[in-house]
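Accompanying notes for the structure given below.
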Amino acid sequence: MDHDTPRVLPRWPVAVRWLHWLGLLLVVATAAIGLLMVDMERGSDVRRLCYGLHKSLGVTALALALLRIAVRAATRAPAPLAGPAWQLRAAHATHLLMYALLLALPLSGWLLNSVAGQPLPWFGLFQLPALTARNPDLRQVLDAAHVWLFWSLTALVALHLAAVLHHQLLRRDGLLWRMLPGGRG
C-alpha cells in the first residue's frame, strides 16, 4: 500500500476522534495520579491533593465516557478495513468491553468513595452525592474491584495499541490515520 492511500480512506467523524484522544489523555492522567498516590505518606497534603484530583478526573472520565457513547451512537462509523472475520469480531468486542470498563471503573471509584464515607467534591466546585450509605464492610471488596477494573482496562488498552501498531507497521492500511484528530474529513 503506498503512502497516499490513507488520504482516501473514510475517517471517523471529528467529534469521535477528538473525544477518543481527550479520553485517552484523561484516563492516562487519572491512572498516573492513582498509581502515584497510593504510595504517598498517609495524611500528607500532597496525597490529599492527589486523591482529590484523581477523584475529580475520574468523575470527568465518567462524564466523557457517557458523552463518547452518546456521540458514537449518533454517528456513523466508517466501513471497517478488510480483514479476517475473527479480527473484526475481536475488535468490536474489545471496543464494547473498553466502553463498559470506561463506565465501570469510575463508577466503582465513586461507589468506593461512598462506602468509605468520603466527600466527593468535583475540583472544589460542587459536591457529588454518595451513591450509597457508608459501609466499611464493602470498602475492601470495592477497592479490590476498582483495582481489578483498572488493570483490566490497562490490558485492553495495551491490546488495542498492539492492534493499532499491527495495522500501522505491518499491514500499513491507514487505520491510525482514520482516528487522528486533525482535519475535517
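Bear in mind that the values in this text are calculations on the coordinates, not laboratory data. Note that the structure is predicted; figures quoted are calculated from it, not measured. Cβ sites come from the backbone with ideal geometry, for glycine too, and all protein chains shown count toward neighbours.
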Net charge (Lys, Arg +1; Asp, Glu -1) of residues whose beta-carbon lies under 12 Å from that of R47, R47 excluded, is -1
For the range 58-111, what D do you get in µm² per second when you plug the Kirkwood radius from alpha-carbon pairs into Stokes-Einstein at 20 °C and 1.002 mPa s? 171
For the range 99-185, compute Rh as the Kirkwood radius over C-alpha pairs and then the Stokes-Einstein diffusion coefficient at 20 °C and 1.002 mPa s; write the answer in µm²/s, rounded to an integer. 136
So if the hydrodynamic radius of the chain is defined as the Kirkwood radius over C-alpha pairs, what does Stokes-Einstein give as its diffusion coefficient at 10 °C and 1.306 mPa s, in µm² per second? 87
Which percent of Cα pairs goes in each bin when the distances of the range 50-155 are cut into 10 angstrom slices starting at zero? 14, 37, 29, 14, 6, 0
In nm, give the distance between the simple-model label positions of A162 and R48, each being 7 Å from the Cα along the Cα-to-Cβ direction. 4.3
So for the range 1-83, considering every pair of alpha-carbon atoms, how many percent are separated by more than 20 Å? 52
